[in-house]
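Below: the structure, in structure tokens.
The values are calculated or read from the model by the stated rules, or taken from the named source; none is laboratory data. No experiment lies behind these values; they were computed from the predicted model shown. All Cβ positions, glycine included, derive from the backbone under ideal geometry; neighbour counts span all protein chains shown. These accessible areas exclude ligands, DNA and RNA; they are computed on the full protein's heavy atoms, side chains included. Shrake-Rupley method; radii C 1.70, N 1.55, O 1.52, S 1.80 Å.
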Amino acid sequence: MTPSSDPAAEPARRETSADPAAGSARPEAFAALDVSTAEQALHAQPFSKLLGTRLRSFGDGESTLELDIREDLLQQNGFVHGGVLSYAADNAITFAAGTALGAAVLTSGYSIQYIRPAVGSLLRARAEVVHAGRRQAVVRCEVLTVAEDGTQSLCAVAQGTVLSAGRP
């Protein structure tokens, strides 16, 4: 894992190296996911690179991903394709869970409800851990669009379960 920067300057870059319940250092598979490792994981995903996804905030059970809305991400009616909204929710959910479960996580399942057509200049997926245990986390996500004037519109909500893929 990459050492984190000054925790006072950027709280999202904190790295937790011990499991308080166990009172000892965690095995590498259960090491906390720091922002540097999270960014590396995001950039290692060819699809995320294709979309130009950025990790905007990360830490303490939360993550926010953003991507610019481009013409090639739209469906036939001019709205952001539902698959792009679903991708953003899935990844934001998984990254938020990684703050609680560690770097080795997999989405077990999620549901998404589309609320309104997604139009704007920016797509933002904000996820927050609702509950985390030793092996799984439940995470809620809001997918919003942001217009040129900064107005945000909620276009989808999702909830997912993420499992730790590490071995005890």
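Between Asp149 and Glu71, residue separation times 0.36 nm minus the direct Cα-Cα distance comes to 26.2 nm. Within the shell of other residues whose beta carbon sits under 13 angstrom from the beta carbon of Gln40, the net charge comes to -1, with Lys and Arg scored +1 and Asp and Glu -1.
Top to bottom by accessible area (1.4 Å), largest first, where do Val157, Val143 land? Walk me through the numbers on the way to the answer.
Details: Val157 45, Val143 0 Å².
My answer, sorted largest first, is Val157, Val143.
The Cα-based radius of gyration of segment 128-168, divided by its Kirkwood radius, gives an Rg/Rh of 1.22. Ignoring solvent entirely, what values of log10 I(q)/I(0) come out of the Debye formula for segment 35-126 at 0.24 Å⁻¹ when each Cα is a single scatterer? With one equal scatterer per Cα and no solvent, log10 I(q)/I(0) is -1.30.
Sequence gap at least 6, Cα distance under 8 Å: using those rules, report the relative contact order of segment 42-168 to the nearest whole percent. Present the calculation step by step, with values, prior to reporting the outcome.
On the way: 304 pairs, mean separation 32.4, N = 127.
Taking the mean separation of contacting Cα pairs over the length of segment 42-168, I get 26 percent.
Summing charges over neighbours of Gln159, with a neighbour being any other residue whose Cβ is under 12 Å away from its Cβ, gives -2 when K and R count +1 and D and E count -1. Around the Cα centre of segment 102-168, unit charges on the Cβ atoms of Lys, Arg, Asp and Glu (plus for the first two, minus for the last two) sum to a dipole of about 420 debye.
How much net charge surrounds Gly52 when only other residues with a Cβ under 15 Å from its Cβ are counted (Lys, Arg +1; Asp, Glu -1)? List each step's numbers first, then the result.
Details: positive: Lys49, Arg54, Arg56, Arg70, Arg124; negative: Glu39, Glu66, Asp68, Glu71, Asp72.
For residues surrounding Gly52, the net value is 0.
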